[in-house]
2 protein chains.
Amino acid sequence: MYKSEQLAQHLKQLIENGTWPAQSKLPSLREQAEISGFSLMTVMNAYQNLEAQGLIYSKEKSGYFVAEQSKNQTPQATTLVSLNPKIEINSLVFKYLKSIQSKDIVPFGSAFPDHHLLTPAKLLQTLSQMARDRNSYDQTSNLPPGNLALRKMIAQRYAMQGIATDADDIVITSGGLDALNLSLQALTQPGDYILLQQTTFYGAWQAAERLGLKVITLPEHPTHGFDLQAFEQIIQHYPIKVCWFMLNAQNPIGFTVSDDLKYKIAKLLHQYHIHLIEDDVYEELYSGLNKPLPMKYFDSNNLVLHCSSFSKTLGAGFRVGWVYAGKYSEQIQHLQLMSTISANTLIQNALVEFVSSHHYEKHLRQLRQRLEKNKKRFTQYLKQHLGQCCEIYSFSGGYFIWIKLPLYLNSLELYHQLITQQIGVAPSALFNVLENNQHAIRLNCSFEWNASIQTGLDTLIDSILNIQIQS
Amino acid sequence: MYKSEQLAQHLKQLIENGTWPAQSKLPSLREQAEISGFSLMTVMNAYQNLEAQGLIYSKEKSGYFVAEQSKNQTPQATTLVSLNPKIEINSLVFKYLKSIQSKDIVPFGSAFPDHHLLTPAKLLQTLSQMARDRNSYDQTSNLPPGNLALRKMIAQRYAMQGIATDADDIVITSGGLDALNLSLQALTQPGDYILLQQTTFYGAWQAAERLGLKVITLPEHPTHGFDLQAFEQIIQHYPIKVCWFMLNAQNPIGFTVSDDLKYKIAKLLHQYHIHLIEDDVYEELYSGLNKPLPMKYFDSNNLVLHCSSFSKTLGAGFRVGWVYAGKYSEQIQHLQLMSTISANTLIQNALVEFVSSHHYEKHLRQLRQRLEKNKKRFTQYLKQHLGQCCEIYSFSGGYFIWIKLPLYLNSLELYHQLITQQIGVAPSALFNVLENNQHAIRLNCSFEWNASIQTGLDTLIDSILNIQIQS
């Protein structure tokens, strides 16, 4: 647990056991730093944490006060977010993606692994061979649910994790986002309630807005990522139709939820009959020996639609994803016929050959090893240089590091400043549409360490350190 | 003009000049056949034509009567179609596409040219070469608006027709349907009025339903395909926001609207400030020397979003289309980032090389020649064997023939019967959600004539001839 979370836990106890009653004034930041022996930064982060939980509030120029405790009311942990048709995030995402697109920008803001680690030679060779053969462009497989052999192979990979399935449960889509969007469209009507993680892949916010859904958010648990208690409170109070969660190497924060917690989440989904769209595009990029289980594993009632893709393991340009759709297969195919129709037939055929060979597993093993090594190097360097003023979240699995900045640093401003210096970072505003939490950035750490990477990181570190505390 | 249309025109005059007043009974079918010297089929088709125009009506077992003429009211030519969320056409399209998917089904129902005529060897060779090169999967071009070189090349092809444009006007999409859907989404809000051709590509019905639009339909003009007068009446009476038209080798009927008529349509669009989504996926498959002009040519006010693709000329499995989006480019890119993101990068790169070479034009020339030759052969054979009982519409361009069946033959029933005999045809119910016009089929005539094609056609012909008149 991070220092600021330890401190926050301690202060929370003081509030809950009545040591600090409602409306009493808390020690100032500097006083608290002296009392506790923690740094000013740590105290600021701890106070912000308590404020986000609704336990304390701040008055301008007067300091922090203990909030009234309201039990048995609408859960404090949640927020009903009003989305409007011109929601800011769309143009923010657009500008952001355009800004980091140039090859001159250091790609710490990218959502994809270093492309040198993807597009394995053997796959390209297969593609090259198949591309010459007219049969690879077979029109009859150019319709939902997609290439049968590929669906069988995907079904087998579920079976390897103990999830019973067959090819008919799987629908091939034009990439992972297509799988997620189709699933959400199949499960909802405008006006339905959807539960999102508060800090989450921006595609979820955009899909909810486009489909006219009411969004409730679930804040991250400070240590395990998923707050089961808050989750239960929310589903007791709101008629949630669908949850859209990422629980393995969560984008952007990076945590992976434990099997035990997943089991409990699944039990609640079952009890309240709530569907889950499981975004699991990082499932193969775990570290350690065992692939983490998806929520689908714990789903005995066809409530989970598990979505994944080859974009993060083989290459984003392939645009091949899938959804374990089960009984929703036909409905999703209907929606596909009206929109994306299918993934590229040549690529699907090449994937059949590549995925069925030992080359695929070998590629995944190497990819995992390299990502783990590179992320470790980044983590060390960042902790060494930013550990005093930032909280560095580097969980096992995936290739993102989540950096909580000092509270005086706005992540959007930092992103804008860094872009002028040719460095891309993903500001938290991309992942969280609530205003009060824009002090974090996501860093892509998939790159092999070299001089230009280090120079890029140094520029980033300098920028963070050189912005003065303004109050 | 077809015989039935000549007769209908003649009878229409008799009604309009008062020879046959309102409520008077028309001669029976047999009487009319004797009077006019036309066959019973021709008379039936003429009466149906007049009924569709609202000029006459039928009473069960009593025959046909002249309708009251209501001038200066809401135009008779149009229909406001109520779509509901579970509109029948979605599951009909789904079942239809599944039913013709098998290789054992004679592909007269397919929407794509014979695949032997597509996927030119030179393109496959280019693809094969590029597939080996990791740079072909470049992630930076994996974002809207798509590959710059490809957009430049597409812009040049517009310029060849005298349409000023540059790469920034073009957005690459995941196939033509994606281009159409994105355009419609960019231009409309739920509840807006959209004008569709009454018999049109089913994707237009589905898109309108999904976006919650109110649909008005424009019936085909019996000879030139597009009824300018009815069009003007409709836009005078309804607040049409967007038209979605196909005017070159229209799917499914096959007509191409003249330049003169296009110019007049454009003037009306300008006058009423109505946007047009122009579906022009068959633009390259003209017959004769000159490529027909798109509506975009006549558009001086950025009202036309011209959509096309490589699916009908190079292969459906490539999933690369585009829209000439002009000032709507950024808006469409926003929508793409939330849904399909981009077309496959490898394919885009290969298309750049192929389309810029002389091989592309050579391929198109050959494709056009073969389609024209094959369609001619089909037309002759069908006219010879079905000319007595059906009207065979075989316009220049494209590869579809539209067959109007005798009125006692329901096209859906014919389709169901033929599928059991391993023959696929596209029934008019796929293209027209109005109930009263389900007596036509679309035939794909792109195939080289051979024994099995002839056998397939013979089965089709026998089925049509052997179903007895039931009244």
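The values are calculated or read from the model by the stated rules, or taken from the named source; none is laboratory data. This is a predicted model, so every value here is computed, not measured. Methodologically, a virtual Cβ is constructed for each residue, glycine included, from the backbone with ideal geometry; neighbour enumeration extends over all protein chains shown.
Annotations for the structure displayed:
- In the stretch A:332-347, the residues that are at pLDDT below 95, assigned to a helix (DSSP H, G or I) and out of contact with any Phe, Trp or Tyr (no Cβ under 8 Å at 6 or more places or on another chain): A:LEU335, A:GLN336
- Selected residue (criterion: farthest from the other protein chains (Cβ to nearest Cβ)) from residues of the stretch B:151-160 that are surrounded by fewer than 21 Cβ atoms within 10 Å (Cβ to Cβ) and among the basic types (Lys, Arg): B:ARG157
- For the stretch B:302-338, the set of residues classified as within 12 Å of chain A (Cβ to nearest Cβ), touching a Leu at 6+ places or on another chain (Cβ under 7 Å) and free of Cβ contacts under 8 Å to residues at least 40 places away in the same chain consists of B:GLY317 only.
- Flag for B:ILE163 being surrounded by 21 or more Cβ atoms within 10 Å (Cβ to Cβ) and hydrophobic (A, V, I, L, M, F, W, C): no
- Residues of the stretch B:34-59 classified as of a type in the set (Ser, Thr, Tyr) and surrounded by fewer than 18 Cβ atoms within 10 Å (Cβ to Cβ), total: 4
- Residue check, A:ALA207 buried (at least 24 other Cβ atoms within 10 Å of the Cβ), at pLDDT 95 or above and within 23 Å of the chain's Cα centre (by Cα): no
- A:LEU364 vs. criteria within 14 Å of chain B (Cβ to nearest Cβ) and within 24 Å of A:SER446 (Cα to Cα): no
- Residue check for A:LYS103: surrounded by fewer than 18 Cβ atoms within 10 Å (Cβ to Cβ) and within 7 Å of another protein chain (Cβ to nearest Cβ): yes
- Considering the stretch B:110-128, and only residues there that are at the interface with chain A (Cβ under 7 Å from one of its Cβ atoms) and of a type outside the set (Ser, Thr, Tyr), the residue that is farthest from A:GLN125 (Cα to Cα) turns out to be B:PHE112.
- Scanning the stretch A:222-256 for residues that are farther than 25 Å from A:ALA440 by Cβ and of a type in the set (D, E, K, R) yields A:GLU232, A:LYS241.
- Some residue of the stretch A:129-136 being out of contact with any helix residue (DSSP H, G or I) (no Cβ under 7 Å at 6 or more places or on another chain), more than 9 Å from every other protein chain (Cβ to nearest Cβ) and closer than 30 Å to B:GLY315 by Cβ: yes
- Considering (1) crowded, with 20+ Cβ neighbours inside 10 Å; (2) at pLDDT 95 or above, the lone condition that A:HIS270 does not fulfil carries the number (1).
- Out of B:HIS358, B:HIS363, sole residue that is on the phi < 0 side of the Ramachandran plot and either in contact with an Asp or Glu (Cβ under 7 Å, 6 or more places away or on another chain) or without any contact (Cβ under 8 Å) to a residue 12 or more places away in the chain (or both): B:HIS358
- Filter result for B:GLY321 (within 22 Å of the chain's Cα centre (by Cα) and not hydrophobic (A, V, I, L, M, F, W, C)): yes
- B:ILE163 touching a helix residue (DSSP H, G or I) at 6+ places or on another chain (Cβ under 9 Å), away from every other protein chain (no Cβ under 14 Å) and within 19 Å of B:LYS327 (Cα to Cα): yes
- Filter result (within 14 Å of chain A (Cβ to nearest Cβ) and not in a helix (DSSP H, G or I)) within the stretch B:194-243: B:PHE201, B:LEU211, B:GLY212, B:LEU213
- Taken together, B:TYR286, B:TYR297 contain a single residue that is more than 12 Å from chain A (Cβ to nearest Cβ), under 30 Å from B:GLU232 (Cα atoms), in a loop (DSSP other than H, G, I, E, B) and of a type in the set (Phe, Trp, Tyr), which is B:TYR286.
- Contact annotation: residue pairs with Cβ atoms under 8 Å, 6 or more positions apart or on different chains, pairing a residue in the stretch A:6-27 that is on the phi > 0 side of the Ramachandran plot with a partner that is at pLDDT 85 or above, are A:GLN23/A:PHE65; A:GLN23/A:VAL66.
- Any chance B:GLU391 is of a type in the set (Asp, Glu), surrounded by fewer than 23 Cβ atoms within 10 Å (Cβ to Cβ), closer than 15 Å to B:PRO252 by Cα and not assigned by the TED database to the domain that holds B:GLU283: yes
Residues checked against (1) under 19 Å from A:THR165 (Cβ atoms); (2) out of contact with any His (no Cβ under 7 Å at 6 or more places or on another chain); (3) among the polar types (S, T, N, Q):
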position: A:ALA316; (1), (2), (3): no, yes, no
position: A:TYR324; (1), (2), (3): yes, no, no
position: A:LYS327; (1), (2), (3): yes, yes, no
position: A:HIS334; (1), (2), (3): no, yes, no
position: A:MET338; (1), (2), (3): no, yes, no
position: A:ASN344; (1), (2), (3): no, yes, yes
position: A:GLU353; (1), (2), (3): no, yes, no
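- Among (1) under 29 Å from the mean Cα position of the chain (by Cα); (2) more than 10 Å from every other protein chain (Cβ to nearest Cβ); (3) modelled with pLDDT of 90 or more, the one test that B:LEU148 misses: (1)
- Residue within the stretch A:244-259 that is surrounded by 17 or more Cβ atoms within 10 Å (Cβ to Cβ), modelled with pLDDT of 95 or more and over 20 Å from A:PHE400 (Cβ atoms) present: no
- The one condition from (1) more than 20 Å from the chain's Cα centre (by Cα); (2) under 27 Å from B:SER342 (Cβ atoms); (3) more than 10 Å from chain A (Cβ to nearest Cβ) that B:GLY191 does not meet is (2).
- Residues in the stretch A:1-50 that are part of a helix (DSSP H, G or I), touching a Phe, Trp or Tyr at 6+ places or on another chain (Cβ under 9 Å) and within 22 Å of A:PHE255 (Cβ to Cβ): A:LYS3, A:SER4, A:GLN6, A:LEU7, A:ALA8, A:THR42, A:ASN45, A:ALA46, A:LEU50.
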